[in-house]
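S.K.: One structure coming up, written as structure tokens, with questions to follow.
Coordinate-derived values only; no laboratory data. Since we're looking at a predicted model, the values are computed, not measured. We place every Cβ from the backbone using ideal geometry, glycine too, and count neighbours over all the protein chains shown.
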Amino acid sequence: MVLRRLSFWIAVGGIILTIATLWGANKKVAPPPPMEAPPQNPYPVTVAAAGIIEAVNENVRIAPPVSGLVTKVYVTVADHVEQGDPLFQLDDRELRAQLQTRTDSLPSAAARIAEQEIRLRDVQDQLKRLQSVTDRRAVSEDDVKRKWHEAEGAKRALIRARADFHLAKTERDEVQAILNRLTVRAPRAATILQVNVRAGEYATVNAIEPLIILGDTETLQVRADIDEVNAPLMVPGSPAVAYLKGFTDKAIPLTFDRIEPYIVPKRSLSGDNRERVDTRVLQVIYRFERPSFPVYVGQQVDVYIERPVEPVSGQDHNRSENGTPPSNISRPLSETEETP
Amino acid sequence: MNYVALKMLFGDRPKYLMLLAGLTFSTMLIVQQGSIFWGLMTWSQSGITNVNAPVWVTDSNINQVEEIKPLADTTVNVVRSVSGVEWAVPLYKGVQRARLRDGNYEQIALVGIESSTLIGRPGKVLDGNIEELRSPDAVAIDQLGVERLGGPENIHLGTTFEINDHRVRVVAIVQTQKSFQNFPFVYTTYERALGVTPEERRKLSYVLASPVSGVSPEELARRIHEQTGLGAFTEDQFGWKTIRWILQNTGIGVNFGTTVLLGFIVGMAISGQTFYLFTVENLPQFGALKAIGASTGMLARMILLQSFTVGSIGYGVGVGLATLFGLTAAGGGRLPFKETWPLLVGVAVALLLICAVSSVISIRKLAKLEPAIVFRG
């Protein structure tokens, strides 16, 4: 009977062990709660979009008129500039040297005019004297004619000297104009958002990165990118809210401004400077009042745009809220190729 | 009568042990193989279970979780536009190479989770602070990664290593479920994952979504699929999809199936034969019982009692041994081993079947038994 008891208790032990192990192991762990509340859709049905905050009338990306060495930057980030204020100075030593040469050539040209004037006066005097002699034997007809020609020549030479002087002045003004162009000025009153250039750097005309970005930061707008797949769902004038990334408890109410009529290839907002083109997006512009917390130009936001519950006539045939399958379903998103 | 039956059973020590051994090892074999099989299947789903999100959205033609077909970035907002979505966040997933300062290389499964919410992060943090993932170059590595990349002396908080020539710094050590490919999991933010991985046209691997209260994950997955044409699966659906793919495309199912079947057949053969011998040897006793008036039905009940008693004990011992194996050899997640209730119930049913079949053979013999056998000597 020892055997019976032993085997019985071993069996009971085995089953208890198994149940205990299973009980502990098979509990499903609940997912950890999100660190911050994820952005939530405030409307019953919505069109979601990725947005970026920008200055109204867009940001101005300043480029140099010609490539050249930057000798002085007049502004720093966050400065306010008026229209025409200098932003930075390109190297102008060569042009200044030219200007000096041109300026210095002016007195010489002016002196030439005076010289020609004196000569003309002299020749005219002589001519007058010759003409005043009535005695044909004392002065030959030929002498008078020659002097007259000489006087006419001197007149023309004076005109030319004056023209030369004018040309020299124009040449000086041209150099001055080109020189002025090397000082890049603000095209309009704005705030400096970014300065990517420092004195001593070489600025090229075709640089990818703008040297200076300026924009009006007093009033801001949100540019919301809606995937072209969802573009028909967008109803102009719909209210919307935006949430800053990682700051999802406070919504920024938005007012509709306009829809950009041209669908553009989406620029990735990943922060990588090599922008990737992956799909096309409809851009919608929303304005907003500055909220109580700070927002900055260039900040990414999640935008939720309300859309009517009833399908919009003429636009929304394929989609319905109750999940009736659209007729042209099964166009997987990953196959919509973009045309860059 | 039952007492007599049990007395007969336990009285014949060698036969009893033989029966018990047959049933025990048969049970143990089936449970152990079944658990290893289920353990492997659990590992194959670790990509899903570690992230722990209600609904997964990806390409509709996807086969399994490790087969990634990247989506366009805007897909997150397309999913957010579906009604019934409470939130939707992007997830990056891919295999990358990590290189340690000593030149050691290791393949890792990189997971990029959305930076502000950190949805998809592992539930259990062993060391450090997972919130620090938001600081520059930060990654979290799992316990397997620590083991693989040289143990706790080499990998601890603050250690730096390279992923695709990008320097990263360990800010947390987390506990994850091992994966089928057995690559360590390394967590970072979605944005950083995009930064350290090679340039590709599309990088978004999955969109994770959650339904608003009142909408079930199944309903949400259906809506997302209908409105966007994307493939949307609940955690369970995606898990089963992965398991189906593995069973269809690898030999694992056939392999373990064969072993389990062998365990069943061998168990049945041994116990059937032993039990039959046991009955034959005890024929005079049964004859005597019949002679004093026991009906065939009563004898059958005795046989069944004997068989189920030894079956239950064998089951208990076998299951216990299998669990012990799991706790010792496969403890701490070194080997894929996972017992489940359905498996244990299935094995119990199989064992009942073995016992029943063995009993039926013996009962047939008893039915034909004549009481006179007692007097033949």
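S.K.: Using modelled amide H (1.01 Å from N, peptide plane; none on Pro or chain starts), what sits under 5 Å from the amide H of residue A:186, excluding residues fewer than 5 places away?
M.R.: A:84, A:85, A:87
S.K.: Order the peptides B:75-87, A:129-141, B:136-148 from the highest to the lowest mean number of other Cβ atoms within 10 Å of their residues.
M.R.: Ranked by mean Cβ neighbours within 10 Å, highest first: B:75-87, B:136-148, A:129-141.
S.K.: Residue B:87's amide H: which non-local residues (gap 5+, or another chain) put their own amide H closer than 5 Å, with H modeled 1.01 Å from N in plane and none for Pro or chain starts?
M.R.: Residues meeting the amide H criterion: B:210.
S.K.: While we're looking at this one, here's another question. Starting from the 7 Å offset along Cα-to-Cβ, what nm value, one decimal, do you get for the label separation of residue B:131 and residue A:189?
M.R.: 4.4 nm
S.K.: A further question follows. Using the Karplus curve 6.51 cos²θ - 1.76 cosθ + 1.60 with θ = phi - 60°, what ³J(HN,Hα) values do you get for each residue of segment B:128-145, in whole Hz, with x for Gly and Pro?
M.R.: x, 10, 5, 5, 6, 4, 6, 6, x, 6, 7, 9, 10, 10, 8, 4, 5, x
S.K.: Work out the P(r) tail for segment B:244-377: percent of alpha carbon pairs separated by more than 27 Å, whole number.
M.R.: 38 percent
S.K.: A further question on this structure: Lys and Arg at +1, Asp and Glu at -1: add these up for the other residues within a Cβ distance under 15 Å of residue B:12 and post the number. Don't skip to the end; give the middle numbers.
M.R.: Numbers: positive: A:4, B:7, B:13, B:15; negative: B:281.
Residues close to residue B:12 contribute a combined charge of +3.
S.K.: Next question, about the same structure. Under 13 Å Cα to Cα from residue A:72, which aspartates and glutamates show up? Leave out anything in the same chain fewer than 8 places away.
M.R.: Cα-Cα hits under 13 Å: A:91, A:92, A:201.
S.K.: Work from the charge dipole of segment B:155-239 (Cβ charges, +1 for Lys and Arg, -1 for Asp and Glu, about the Cα centre) and give the residue of B:180, B:221, B:193 farthest towards its positive end.
M.R.: The listed residue farthest towards the positive side: B:193.
S.K.: Please report how many Lys pairs in segment A:113-213 have alpha carbons closer than 18 angstrom, counting only residues at least 8 apart along the chain or sitting on separate chains.
M.R.: Qualifying lysine pairs in segment A:113-213: 5.
S.K.: Further question on the same structure: When the helices in the protein assembly as shown are scored as -39500 (n - 2.57) per DSSP H run of 4 or longer and the sum is shared across all residues, what 222 nm value do you end up with, to the nearest 500 deg cm²/dmol? Kindly include the intermediate steps, with their values, before the conclusion.
M.R.: Working: 17 runs with 304 residues, N = 717.
Roughly -14500 deg cm²/dmol at 222 nm, from the helical runs in the protein assembly as shown.
S.K.: Can you give me the span-like helices of chain B, meaning DSSP H runs with 24 Å or more of Cα extent along the axis and Kyte-Doolittle mean at or above 1.6? Don't skip to the answer; put the middle values down first.
M.R.: Details: long enough: B:13-44 (45 Å, 0.73); B:252-281 (43 Å, 1.31); B:296-328 (47 Å, 1.24); B:341-367 (38 Å, 1.97).
Flagged H segments are B:341-367.
S.K.: Here's another thing I want to ask about it. Give me Rg/Rg_expected for chain A, where Rg uses Cα atoms only and Rg_expected = 2.2 N^0.38 Å with N residues. Don't skip to the end; give the middle numbers.
M.R.: Details: Rg = 41.1 Å, N = 340, 2.2 N^0.38 = 20.2 Å.
Against the empirical 2.2 N^0.38 Å value, I get 2.04 for chain A.
S.K.: Going toward the positive end of the dipole of chain B, with +1 on Lys and Arg Cβ and -1 on Asp and Glu Cβ, which of B:20, B:141, B:274 do you reach last?
M.R.: Going by the Cα projections, it comes out as B:274.
S.K.: Which residues make up the longest stretch of chain A that has no chymotrypsin sites (Phe, Trp or Tyr not before Pro) in a DSSP loop with at most 11 other Cβ atoms within 10 Å?
M.R.: Free of exposed loop sites, the longest segment is A:1-261.
S.K.: Principal axis lengths of the protein assembly as shown from Cα atoms, whole Å, largest first?
M.R.: 195, 64, 48
S.K.: Given the options B:159, B:78, B:287, identify the residue whose Cα lies farthest towards the positive end of the charge dipole of chain B (+1 on Cβ of Lys, Arg; -1 on Cβ of Asp, Glu).
M.R.: Of B:159, B:78, B:287, it is B:287.
S.K.: Longer than 28 Å from Cα to Cα, which of A:266/B:241; B:15/B:290; A:245/B:69; B:15/B:338 are they? Say none if no pair is.
M.R.: A:266/B:241; B:15/B:338
S.K.: With a cut-off of 8 Å between alpha carbons and a minimum separation of six or more residues, what is the relative contact order of chain A in percent? All intermediate terms of the calculation are to be shown ahead of the outcome.
M.R.: Working: 531 pairs, mean separation 91.0, N = 340.
Contact order relative to length: 27 percent.
S.K.: In debye, nearest 20: dipole of chain B around its Cα centre with unit charges on the Cβ of K, R (+) and D, E (-)?
M.R.: Roughly 1540 debye for chain B.
S.K.: Any idea what the dipole of the protein assembly as shown comes to, in debye rounded to 20, about its Cα centre with Lys/Arg Cβ at +1 and Asp/Glu Cβ at -1?
M.R.: Dipole size: approximately 2280 debye.
S.K.: With each label point set 7 Å from Cα along the Cα-Cβ vector, what nm distance links residue A:72 and residue A:104?
M.R.: 2.3 nm
S.K.: Just the number: Rg to Rh for segment B:72-229, Cα atoms, Kirkwood Rh, two decimals.
M.R.: On the way: Rg = 16.8 Å, Rh = 16.5 Å.
My calculation of the ratio gives 1.02.
S.K.: Cut-off under 14 Å on the C-alpha distance; same-chain residues fewer than 8 positions from residue B:178 excluded. Which aspartates and glutamates are left, in chain and number order?
M.R.: B:66, B:142, B:147
S.K.: Given springs between every Cα pair under 10 Å in a Gaussian network model of chain A, which of A:266, A:145, A:155 has the largest fluctuation?
M.R.: With Cα springs under 10 Å in chain A, the top fluctuation among A:266, A:145, A:155 is at A:145.
S.K.: Nearest 20 debye, what's the magnitude of the dipole of segment B:72-229 about its Cα centre given +1 on Lys and Arg Cβ and -1 on Asp and Glu Cβ?
M.R.: Once rounded to the nearest 20, the dipole reads 200 debye.
S.K.: Continuing with the same structure: Please compute the net charge surrounding residue A:92, taking Lys and Arg as +1 and Asp and Glu as -1 over other residues with Cβ under 13 Å from its Cβ.
M.R.: Result for the neighbourhood of residue A:92: +2.
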